[in-house]
Amino acid sequence: MPRITPPVKRLLVLAVPTAIAGGITQINLLVGQVIASAQAGGIAVMNYADRLMQLPLGIIGISIGVVLLPELTRALAAKNSDDANHLQNRSLEFGLGLTVPAAVGLFMLNLPLVALVYERGAFDRGTAELTAHVLAGFAIGLPSFVLIKIFQPSFYAREDMKTPMYFSGINAVLNIILSLTLFPVYGIFGLAIATSISGWVNAALLWGALYFGNHYRIAANTLRNILLICIASTIMAGILYGGETWLGSSLTDSGLLSRLVLIAGLIAVSAIAYFAIVIATGALPKEQMKRMLKR
């Protein structure tokens, strides 16, 4: 008969807090949907906006977390704290280097993107505008959600599963309080803002625990690179704003194929400008990006 051996017991001790932390996230979503149900079509609108936000989060944040955990575990098992710190700094640069411009793009092009993907049939312009506002609210918190995926593996690699669980609990309580406070004033847009604020608080708590636990220090070069990423993203936002102003209603009211070409072209021009800046300044080294993307 199968037996619960000591290694299995250890696995359960480590897995249960992680499962609870994941469950708290689902509770967050459930509570948000319950509150959103007070507004007609609120749940559907939140889900539509969330689908667009999950694309960069899934590709960037979760992928980095999956790769980072075993690398950190090996470095810590070898008692190589310098290598572990280096891994986290590079992950932070790479994660923010891809997430911040993605968040800027979703925020600046919220209505054209929503209209392009969803607006047809019963999904009219009013619903598209409401979904676009919610998407903008989610976009504000997108970098924080990726930061959480970058910071959590450092705890898991040290077999500290409880700290992220506690912080997820704080995140859930704060999200519920903010949602109940903001929803009567801003509707479902307030729920998106509440989610984003809670995400930034969670990311700050994780970073603070790593910092004060002397487990992670952001290198001066990493801070420089993050600043350059933010500057390049600001320039990219200016290009998107200029493009939207120039193209006007063509981005939302022309034919489907025309809108697809215009939006894709605008995204391509802004992305080329962004990556040209970060690569030229060394904020995201070209060879390192190739290696990490290949990995």
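Descriptive notes on the structure:
- Set side by side, the residues 244, 287 differ, and just one is of a type in the set (D, E, K, R), in contact with a Leu (Cβ under 8 Å, 6 or more places away or on another chain) and in a helix (DSSP H, G or I), which is 244.
- Members of region 207-227 found to be under 20 Å from residue 144 (Cβ atoms) and outside any loop (DSSP other than H, G, I, E, B), listed by number: 207, 208, 209, 210, 211, 212, 222, 223, 225, 226, 227
- The set of residues from region 238-269 being loosely packed, with under 15 Cβ neighbours inside 10 Å and of a type in the set (Asp, Glu) comprises just one member, 253.
- Residue 234 satisfies every condition listed in (1) polar (S, T, N, Q); (2) assigned to a helix (DSSP H, G or I); (3) on the phi > 0 side of the Ramachandran plot except (3).
- Extreme residue, farthest from residue 190 (Cα to Cα), among residues of region 1-59 that are among the hydroxyl-bearing types (Ser, Thr, Tyr) and free of Cβ contacts under 8 Å to residues at least 12 places away in the same chain: 5
- Among the candidates 223, 266, 240, 251, residue that is without any contact (Cβ under 8 Å) to a residue 24 or more places away in the chain and aliphatic (A, V, I, L, M): 223
Yes/no per residue for (1) modelled with pLDDT of 90 or more; (2) in contact with a helix residue (DSSP H, G or I) (Cβ under 9 Å, 6 or more places away or on another chain); (3) farther than 28 Å from residue 41 by Cα:
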{"residue": "161", "(1), (2), (3)": "no, yes, yes"}
{"residue": "185", "(1), (2), (3)": "yes, no, no"}
{"residue": "192", "(1), (2), (3)": "yes, yes, no"}
{"residue": "200", "(1), (2), (3)": "yes, yes, no"}
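- Counting only helices (runs of 4 or more DSSP H) that sit completely within region 20-129, those holding 2 or more residues that are at pLDDT 90 or above and within 22 Å of residue 193 (Cα to Cα) correspond to 42-56, 81-108, 110-118.
- Screening 54, 26 for residues that are among the polar types (S, T, N, Q) and surrounded by fewer than 14 Cβ atoms within 10 Å (Cβ to Cβ) leaves exactly one candidate, 26.
- Some residue of region 174-195 being surrounded by fewer than 19 Cβ atoms within 10 Å (Cβ to Cβ), touching a Leu at 6+ places or on another chain (Cβ under 9 Å) and part of a helix (DSSP H, G or I): no
- Every pair of residues 6+ apart whose Cβ atoms lie under 8 Å, when the first sits in region 72-90 and is within 9 Å of residue 157 (Cβ to Cβ) and in contact (Cβ under 8 Å) with a residue 12 or more places away in the chain while the second is surrounded by fewer than 19 Cβ atoms within 10 Å (Cβ to Cβ) and of a type in the set (Gly, Ala, Ser): 75/81
- Exactly one residue out of 272, 279, 235 is surrounded by fewer than 17 Cβ atoms within 10 Å (Cβ to Cβ) and more than 30 Å from residue 66 (Cβ to Cβ): that is 235.
- Residues in region 164-173 that are among the β-branched types (Val, Ile, Thr) and either buried (at least 20 other Cβ atoms within 10 Å of the Cβ) or closer than 17 Å to residue 34 by Cα (or both): 173 alone.
- Flag for residue 155 being closer than 24 Å to residue 211 by Cβ and in a helix (DSSP H, G or I): yes
- Residue selected from region 29-51 under the condition small (Gly, Ala, Ser) and under 20 Å from the mean Cα position of the chain (by Cα), by the criterion surrounded by the fewest Cβ atoms within 10 Å (Cβ to Cβ): 32
The values are calculated or read from the model by the stated rules, or taken from the named source; none is laboratory data. All values derive from a computational prediction rather than experimental measurement. Because the Cβ atoms are built from the backbone with ideal geometry, glycine has one as well, and the counts that use them run over all protein chains shown.
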